[in-house]
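The values are calculated or read from the model by the stated rules, or taken from the named source; none is laboratory data. For clarity, every value in this text was computed on a predicted model and none was experimentally measured. For neighbour counting, all protein chains shown are included, and Cβ atoms are generated from backbone atoms with ideal geometry for every residue, glycine included. Heads up: the accessible areas ignore ligands, DNA and RNA and are worked out on the full protein's heavy atoms, side chains in. Shrake-Rupley method; radii C 1.70, N 1.55, O 1.52, S 1.80 Å.
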Amino acid sequence: MRILIVGAGAIGGYFGGRLLEAGRDVTFLVRPSRAAVLAQHGLIVRSPRGDVTRPHPPCVITGQPQTTFDAVLLSCKAYDLSEAIEAMAPAVGPQTMIVPLLNGLRHLDVLAARFAKINLLGGLCFISVDRDAQGAIVHYNNTDTLMFGELDGGTSERAKLLMATLMGAGFDARFSTDIFHEMWEKWVFIAAAAGMTCLMRSPVGDYVAADGAGLAIRLIEECCAVAAHNGHPVREKAIERARTMLTAPGSLFMASMLRDIERNALTEAEHLLGDLWFRRNPTTLDERSALYFAYTHLKSYEAQRLRLQANQP
């Protein structure tokens, strides 16, 4: 199976590197700047689960002619989605599976407007990764789950083929018969995690030390309420996992969005918290909610960032 990975950033580079290490047929679709880094230094992954170094990984640069692939793993940031769609479009044939690994759900509507419904699967990942100043991918813990499934539930022969390709590649590959619900539960967790760690500008352990665990629980409950309002009540196991992770004393866990803020970068605030706020029940969640407070905080950061950029000489 030929797999195209859109982007060789933290997530795409990690899973793509593992797949290459396992001998799978993988190609990265990258911008010229990232292609230059990969040509000079190779693809480097530093991980507690074992490092990966792949000199000269197979790449195609955006805008170059492409053949179609059997599967496309879409690992871009939400604010790069439109550009990524146009770049990958020539690689998508009638039978190509598109597996987006973005958080939230808004991207599914954007992809459905551009490609055939049959092309789309659901997907998500649980992993804490980033790139360092030299472009190497740094994996922070032992969790590296990639999950996918048919959006209408059930299984399929094509999903079985993709699962066979992903299995045994050095990460936790899973197939779900209810991927849409899994995506809702992941969205609830990551929105609460991003909302709290960005609002407090600290990892979990620091705001817990400042007696902020109660606010984290309140935010989790509000995000769960939005999911339930949309017909996807979060299972107790997932709620307990979120509570445990976001109220753990001494934990250094933080959402990747906080690292984006710390380097004065764009964030996915609108895609994660804004879209969740839009889907709420307005009779039960209003401007006094923790969700609205966290969302407004991130919008203020974005507004400040744009203002300062506009005033630069």
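Residues in segment 110-129 that are in contact with a Lys or Arg (Cβ under 9 Å, 6 or more places away or on another chain) and open to solvent by less than 20 Å² (accessible area, probe 1.4 Å): 3 in all. Residues that are in contact with a helix residue (DSSP H, G or I) (Cβ under 9 Å, 6 or more places away or on another chain) and among the aromatic types (Phe, Trp, Tyr) number at least 1 in the following helices (runs of 4 or more DSSP H) confined to segment 205-313: 275-278, 290-310. Within segment 186-204, if we keep just the residues that are open to solvent by 10 Å² or more (accessible area, probe 1.4 Å) and among the aliphatic types (A, V, I, L, M), the residue that is nearest to the chain's Cα centre (by Cα) turns out to be ILE190. Checked against the criterion of being of a type in the set (Gly, Ala, Ser) and within 18 Å of LEU162 (Cβ to Cβ), the candidates GLY50, GLY93, GLY104, GLY63 yield just one match: GLY93.
Could you look through segment 149-178, keep only residues that are farther than 15 Å from ASP70 by Cα and of a type in the set (Val, Ile, Thr), and pick out the one that is modelled with the lowest pLDDT? Give the steps one after another, and end with the answer.
Here is the first cut: in segment 149-178, the residues farther than 15 Å from ASP70 by Cα are 149-155, 167-178.
Add one more test, that the residue is of a type in the set (Val, Ile, Thr), and what stays is 155, 177.
Values: THR155: 92, THR177: 96.
Only one residue tops the list, namely THR155.
Specify the residue that is nearest to ASP172 (Cα to Cα); the eligible residues are those in segment 131-160 that are assigned to a helix (DSSP H, G or I) and open to solvent by 30 Å² or more (accessible area, probe 1.4 Å). That would be LYS160.
Taking segment 91-102 as the range and being open to solvent by less than 30 Å² (accessible area, probe 1.4 Å) and either closer than 23 Å to GLU268 by Cα or touching a residue at least 40 places away in the same chain (Cβ under 8 Å) (or both) as the test, the residues that pass are ALA91, MET97, ILE98, VAL99, PRO100, LEU101, LEU102. Taken over segment 237-254, the criterion of being within 17 Å of ALA194 (Cβ to Cβ) and of a type in the set (Gly, Ala, Ser) is satisfied by ALA238, ALA242, ALA248, SER251.
Can you tell me how many residues in segment 281-291 are charged (D, E, K, R) and open to solvent by 50 Å² or more (accessible area, probe 1.4 Å)?
Pass one, segment 281-291, residues charged (D, E, K, R): 286-288.
If we keep only those that are open to solvent by 50 Å² or more (accessible area, probe 1.4 Å) as well, we get 287-288.
Of the residues in segment 281-291, 2 are charged (D, E, K, R) and open to solvent by 50 Å² or more (accessible area, probe 1.4 Å).
Take segment 69-81 and flag every residue that is open to solvent by 50 Å² or more (accessible area, probe 1.4 Å) and at pLDDT 95 or above. Lay out the reasoning, then the answer.
Just the residues of segment 69-81 that are open to solvent by 50 Å² or more (accessible area, probe 1.4 Å), to begin with: 70, 77, 79.
Of everything in segment 69-81, just one residue is open to solvent by 50 Å² or more (accessible area, probe 1.4 Å) and at pLDDT 95 or above, namely ASP70.
All of (1) of a type outside the set (Val, Ile, Thr); (2) under 21 Å from the mean Cα position of the chain (by Cα); (3) over 30 Å from GLU21 (Cα atoms) hold for GLY170 with one exception: (3). Pairs linking a residue in segment 237-266 that is in contact (Cβ under 8 Å) with a residue 12 or more places away in the chain to a residue that is acidic (Asp, Glu), with Cβ atoms under 8 Å and 6 or more positions apart or on different chains, are ALA238/GLU185; SER256/ASP130; MET257/GLU268; ARG259/ASP130; LEU266/ASP260; LEU266/GLU302.
Restrict the check to segment 77-87 and report whether at least one residue is among the polar types (S, T, N, Q) and in contact with a strand residue (DSSP E or B) (Cβ under 9 Å, 6 or more places away or on another chain). No, because not a single residue in segment 77-87 is among the polar types (S, T, N, Q) and in contact with a strand residue (DSSP E or B) (Cβ under 9 Å, 6 or more places away or on another chain). Residues that are at pLDDT 95 or above and aromatic (Phe, Trp, Tyr) occur in segment 135-148; there is at least one. The number of residues in segment 236-280 that are farther than 14 Å from LYS186 by Cβ and of a type in the set (Gly, Ala, Ser) comes to 6. Number of residues in segment 21-56 that are farther than 19 Å from ASP130 by Cα and crowded, with 17+ Cβ neighbours inside 10 Å equals 3.
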